[in-house]
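What follows is one structure encoded as structure tokens, with my remarks underneath.
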Amino acid sequence: MAGIVGYGVHIPIYRIKVEDIAKVWSEDAESIKKGLNIREKSVPGKDEDAATIAVEAARRAIRHAGIDATELGALYAGSESHPYAVKPTATVVSAGIEAGNKLMVADLEFACKAGTAGMQMIMGLIDSGMIRYGMAIGTDTSQGRPGDALEYTASAGGAAFILGKDKNGIIANVVKTVSFTSDTPDFWRREGASFPSHGGRFTGEPGYFRHITGATKLLFEETGMKPSDFDYAVFHQPNGKFPKMVAAQLGFTEKQIERGLMTPIIGNTYSGSSLIGLAATLDVAKPGQKILVTSFGSGAGSDSFAIEVTDNIDSKRKNLEKVMDIVERHKTYIDYSAYLKNRGSIRKT
Amino acid sequence: MERSSSSLWRKIRARYNLVGNVCENCSTAYFPPRIVCRKCGRKSKMEEKRFNGDGEIFSFTKIRVPPDTFKDEAPYFIGIIKLKEGPMVEGHIIDNGVEPEIGGKVRAQFRKMYVEGDEGLIYYHYKFEPL
């Protein structure tokens, strides 16, 4: 089965603290920080969007994998904030990494799980022998309506994963992947709408929890594995609270999820969320360790992966830029006014 | 900035990845690419070259009164960057909190340069980030 041969992450340098958002809406910052388990979130620069984030992540992934970008046979970019409604983000990325013209490319959208959906599609192409390497990206500059609860979490970032089948290059094998899907109207954004709408508390139980537990239990059934078989677990992170709750429901400990829980310090990067959590976990994982990843995309569905780290992981780290280094690099706090300007929310006409 | 798809399309490789060229006769590197080497003339042997984006600031200035294209960006820095491989390149310098200085190391990043209103093209481009 296909495995991970390299990965890269990009997170913008700007941050806004929960206090600065809460002050504008006269809300209690401490209760929000405690309730959502989030301290601050990333904000894109004025000159950043889902495509620029994807390109930076993809370039890091290429360097880490140690392959030439022209060896990629497919590239899928998953996002719910593609810069164009019609014109692919993935073609910008393929040009941005000089991948040439001989590859399959498409944009994907499935709320927060389009990146992991891309990984499954790439795995299918590799395992069928159609391509040697493929890249799946989850990238977003996610939107939260001013004053909405989402505003505290909707952030920006992305991750690119390169998959392949060459034993010498694989840092982590994907042992098994399954999905759990249903038509659930928990969160949506209509064509032309600037901000998403959601079903409030309805997004929790029938959305996030049902699909994450559904996919993860299906993975357990099909592999015979159980929570204690995994050294780490990563669940989609719409806030810092839900992944802890779902981990407890499924029988995982806080220690298993703490390494990959990034939302408290960068916010919810949507399509990037579970992939950045996986990247942060792979940054520290040792050969032989096992990682469970279950994404969630509203609408709704979850993709679950059982991943086993190989002996190659240490030797390939010489070309790796680690997630926590990227999170801390040039970190710059901005206030709510600068946040609105960066997001392009100030209209002059 | 130009306002046509064809002009953007022709410059994509240069703008996204600093693809220029080098004269294999005298090893002089050029960005943007030249058809003929300035030094070698008809003996030119031009080969495509992708510069890796590392360089240092040769000169810079802070733009406070920008052209209309960048009116929402001001104040911002532009600079002349001496790429590690030789060519001098003009470019925007990203504000990452590191004050630009002559001789300061920079690395090319992939950013939006200009967005053509609500319905037009998005122009992506290299910018230089101080390290």
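Here, each number is a calculation from the coordinates, and none is a lab measurement. In this text the structure is predicted, and so the values were computed from the model without any measurement. When we count neighbours, we look across all protein chains shown, and the Cβ atoms used for this are built from the backbone with ideal geometry, even at glycine.
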Expressed as a whole-number percentage, the relative contact order of region A:174-311 with C-alpha contacts under 8 angstrom and at least six residues apart is 36 percent
Taking 7 Å along the Cα-to-C-beta vector as the label spot, tell me the A:I346-A:T181 distance in nanometres, rounded to one decimal.
4.3 nm
Can you show me the helix-derived [θ] at 222 nm for chain A, built from DSSP H runs with n ≥ 4 at -39,500 (n - 2.57) apiece and divided by the number of residues, rounded to the nearest 500.
-9000 deg cm²/dmol
Per-residue Cβ neighbour rank within 10 angstrom, fewest leading, A:M262, B:M113:
B:M113, A:M262
Using 1/(1 + (r/R0)^6) with R0 = 56 angstrom and r between the beta carbons of A:F195 and B:R107, what's the FRET efficiency to the nearest 0.05?
0.95
If R0 is 30 Å, what FRET efficiency do you get for B:E73 and B:K45 from their C-beta distance, rounded to 0.05?
0.15
Could you check which residue among A:S302, A:S179, A:S271 shows the biggest mean-square fluctuation in a GNM of chain A with a 10 Å Cα cutoff?
A:S179
Determine the distance separating the Cα centre of region B:18-96 from the Cα centre of region A:32-64; give it in Å without decimals.
28 Å
Find the cysteines in chain B that fail to meet the 4.7 Å Cβ criterion with every other cysteine, and list them.
B:C26
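Which trypsin sites (Lys or Arg not before Pro) from region B:49-131 combine a DSSP loop assignment with at most 10 other Cβ atoms within 10 Å?
On the way: sites: B:K49, B:R50, B:K62, B:R64, B:K71, B:K82, B:K84, B:K105, B:R107, B:R111, B:K112, B:K127; in loops: B:R64, B:K71, B:K84.
For trypsin sites (Lys or Arg not before Pro) across region B:49-131 that sit outside H, G, I, E and B with at most 10 neighbouring Cβ atoms in 10 Å, the list reads B:R64, B:K71.
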How much FRET efficiency would the formula 1/(1 + (r/R0)^6) give for A:S128 and B:K62, where r is the Cβ-Cβ distance and R0 is 45 Å, rounded to 0.05?
0.25
Report, to the nearest 10°, how far helix B:5-17 tilts away from the longest principal axis of the Cα atoms in chain B, using its own Cα long axis and a range of 0 to 90°.
80 degrees
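In whole percent, what relative contact order does chain B give with Cα contacts below 8 Å and a gap of six or more residues? Let's see the in-between values first.
Values: 272 pairs, mean separation 27.7, N = 131.
Relative contact order, chain B: 21 percent.
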